[in-house]
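Working notes for the structure below.
The values are calculated or read from the model by the stated rules, or taken from the named source; none is laboratory data. As the structure is a prediction and not an experimental result, all values here were calculated from the model. A quick note on method: Cβ atoms are made from the backbone with ideal geometry, for glycine too, and the neighbour counts reach across all protein chains shown. Side chains are part of the model used for accessible areas, which takes the heavy atoms of the whole protein and leaves out ligands, DNA and RNA. Shrake-Rupley method; radii C 1.70, N 1.55, O 1.52, S 1.80 Å.
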Amino acid sequence: RERARAMVPHPWPVDRKAAAARLARFAPPRAPAIWWLADGIADCRILVVNEYEFGIIEKKTKLNLADVLAQVEVLVITRGENGAALYTNSEEINVPIVPAAREADPTGVGDAFRGGLLTGVAHGWDWELCGEMGALAATYCLEQVGTQNHAFTPAEFVARFRENFDDQGKLDALTNAG
């Protein structure tokens, strides 16, 4: 195995000090990377953060809610047990949580929320429905220990969604896909 690896030419110099020096010229220092954060926000269509993360954005970039909304199509701030707020330039949508059968582990809940939200976005659905899908996906994650131990079928997701929200039949597209 080592011999085979040695026979493959490296696309970069083997001299690690020289390579590190070249990389350092392009990488900004870690502490003052605030401009990276502000540039990242400016390039976003959808910004999804939790309350703590939005506080950091406000503190470090000096951007307030209105400033961020001037740069993104939608800002989503998750608020734990208080649900989520979706802000567009024209409205604020408050999405409640879906009650959990049991609260096992909050690890990965934000990622699961984003997964549900983005599934709705991919289908072209309205922001409220997308947020509600995120809320349910987050609850599935919260009910299990670990970040990827939750599972559901599209039919299970739709049935549980309809116990909590009204999708006006739009989620039928999830169960009819195939």
Review point. How large is the charge dipole for the stretch 107-178, taken about the Cα centre, if only the Cβ atoms of Lys, Arg (+1) and Asp, Glu (-1) carry charge, to the nearest 20 debye?
Key: 180
Point to revise | Cα gyration tensor category, rounded, prolate or oblate, for the stretch 63-178 with a/c compared to 1.5 | key: oblate
Review point. Share of antiparallel DSSP beta bridges in the stretch 26-178, in percent to the nearest 5?
Key: 60
Revision key, fill the gap. Of the accessible area of the stretch 105-160, computed with a 1.4 Å probe and all protein chains kept, carbon and sulfur make up a percent value of 56
Review point. Once the piece of chain linking Gln148 and Thr107 is laid out straight, how much longer is it, given 0.36 nm per residue of separation minus the C-alpha distance between them?
Key: 13.8 nm
Revision key, fill the gap. Contour minus Cα-Cα span, Glu53 to Ala159, at 0.36 nm per residue, comes to 34.9 nm
Exercise for review: Kindly sort Arg79, Arg162, Arg102 by accessible area of their heavy atoms, largest first, with the probe set to 1.4 Å.
Suggested key: Arg102, Arg162, Arg79
Check your understanding: What is the calculated FRET efficiency for Thr175 to Leu65, with r their C-beta to C-beta distance and R₀ = 30 Å, to the nearest 0.05?
Key -> 0.20
**Study point:** Whichever aspartates and glutamates have a C-alpha closer than 15 Å to that of Lys62, once near sequence neighbours (fewer than 8 apart) are set aside
**Key:** Asp39, Glu53
Check your understanding: Please state the relative contact order of the stretch 73-120 as a whole percent: Cα pairs under 8 Å, 6+ residues apart?
Key -> 23
